[in-house]
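Derivation of every value follows stated rules applied to the coordinates shown; laboratory data play no part. Values in this document were obtained by computation on a predicted structure and should not be read as measured data. Note that we place each Cβ from the backbone using ideal geometry, even for glycine, and neighbour counts take in every protein chain shown.
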Amino acid sequence: MDKKILVVGGAGYIGSHMVRRLMKSNYQVIILDNLSTGNKKLIQGNQWVQGSLGETGLMDQLFREHTFEAVMHFAAFSQVGESMSKPLKYYRNNLSETMVLLDAMIHHDVKRFIFSSTAAVYGEPVEVPIPEEHPLTPTNPYGNTKLAVERMLADCDSAYGLKYAALRYFNAAGADPAGEIGEMHDPETHLIPIVLKAASGEIDHIRIYGTDYPTQDGTCIRDYVHVNDLAEAHLLALNALIEGGKSDVYNLGSSNGFSVKEVIQIAEKVTGNKIPVVEASRRAGDPAVLIAGSEKIKRNLGWKPQYKDLESIVQTAWQWHSKQT
Ligand code: UFG
């Protein structure tokens, strides 16, 4: 019988790409999503439970009805800026509700967990590319909540034998090339989809948040990684745990950084359209440079990202974007 995986947040951007990848590998997937930031259009397969991971009764029922091999958790709020002004929203959803899920897992003896962590756990880097051993000093509540969950997972491993992989993503980007799923947030705050909206004329311009950072052109540098490469990494981490592997923490990035201005130039090339920009002040909570060292997951789990340049990543995002308008 196919192994069953609970994908919490499977109607979201990264979660939906994960579900697609799992189904291709013949896993049976149950999606739990309350559609707070997810979208019905992104749901793959037909096994969707509408609800939240913080609902104790629902969690108990789910784990009683199904025998899960593992749980993958993508259902977090993830906007750095919003977390600065609404920290409790982030602590409630990202930390308290995750505790309810973990409680149910331990109670029902499900002991494999794949967690979407983030580059935001590092804060302002003292070393670039950032290795996993880098100090953990988040500069915003979003990063604090993710780090708190990582620590909770380590404690659950010591106490209950929960085996987990915490995957620290840098900037997820692009879309599945089949064009059926892609990035779809409301409101949209991420750079690449906003740049593409400006390229297609849906919005007048893109605001560049900060041109006085200590980088070559004064704009922030980020490490963009294709969403399907992220999904592949999750699958490798899942299979390693199923085969009896130990808990671990991995960065997921491309080891290459691009400034906001460079992203805009690449998007102009891909779309063939001029992208109007307005230079604005810095956005609260943004570190200047975030670039991942991802050697550990390549070495330990054999991760081989397929999308090696930003142009091809933006190309897949543009393909998806063009279908939506
Ligand atoms: N940016 C702009 N204009 C915009 C939107 C973004 O200039 O309209 C800039 C941001 O200031 C930042 C860069 O583009 O410098 C990338 O911003 P995103 O919002 O696309 O992504 P972030 O780097 O802020 O956030 C991402 C993930 C988070 C994760 C974080 C790691 O979305 O979940 O990387 O810090 F925590």
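Annotations for the structure displayed:
- Computed from phi, the 3J(HN,Hα) profile of the range 309-315 under the Karplus parametrisation 6.51, -1.76, 1.60 (θ = phi - 60°) reads 10, 5, 4, 6, 5, 5, 4 Hz, with x in place of Gly and Pro.
- Two numbers describe the Cα atoms of the range 158-200: Rg and Dmax, which are 16.4, 52 Å.
- Loop-located GluC sites (Glu not before Pro) across the range 74-156 with a Cβ neighbour count of 12 or fewer within 10 Å are E127, E133, with loop assigned by DSSP.
- Footprinting exposure proxy for K298, K163, K146, K111 (fewest neighbouring C-beta atoms within 10 Å first): K298, K111, K163, K146
- Helix 56-65 and the long axis of the chain differ in direction by around 70°, with both axes built from C-alpha atoms.
- Using alpha-carbon coordinates, inclination of helix 141-160 to the longest axis of the chain, degrees: 20 degrees
- Residue with peak Gaussian network fluctuation, the chain [Cα springs, cutoff 10 Å], from I106, I313, I291: I106
- Amide H to amide H distances under 5 Å link Y164 with F113, S247, D248, where only residues 5 or more positions off or on other chains count and H is placed in the peptide plane.
- Length gained on full extension, D286 to N300: 2.0 nm, using 0.36 nm per residue less the C-alpha separation.
- Near L290, the amide H atoms lying under 5 Å from its own belong to I221, R222, D223; only residues 5 or more places off or on other chains count, and H is placed 1.01 Å from N.
- Take the Cα of H107, go 7 Å toward its beta carbon, and the backbone nitrogen atoms of the range 49-71 under 16 Å from that spot belong to 52-68.
- For the pair E188 and D155, label points projected 7 Å from Cα toward Cβ lie 4.0 nm apart.
- Candidates per GluC sites (Glu not before Pro) in the range 172-244, loop by DSSP, up to 11 other Cβ within 10 Å: E243
- Annotation: amide H of W48 within the under-5 Å range of I31, sequence separation 5 or more or interchain, hydrogens built in the peptide plane.
- Look at Y209, Y224 and count the other Cβ atoms within 10 Å of each Cβ; fewest to most, that gives Y209, Y224.
- Based on Cα contacts under 8 Å between residues 6+ apart, the chain shows a relative contact order of 19 percent.
- Among F258, F63, sorting on how many other beta-carbon atoms sit within 10 Å of each Cβ, with the fewest leading, yields F63, F258.
- Mean projected area in nm² (Cα convex hull; one quarter of hull surface) for the range 105-160: 4.4 nm²
- Note on the range 213-323: lysine pairs with Cα distance below 21 Å, sequence gap of 8 or more or different chains, count 12.
- Cα long-axis angle, helix 227-242 against the chain (0 to 90 degrees, to the nearest 10): 20 degrees
- What the Cα atoms of the chain give is an Rg and a Dmax of 18.9, 57 Å.
- Considered as an equivalent ellipsoid built on the Cα gyration tensor, the range 184-325 has semi-axes of 30, 18, 13 Å, the largest given first.
- Volume per residue of the C-alpha convex hull in the range 52-97, rounded to whole Å³: 66 Å³
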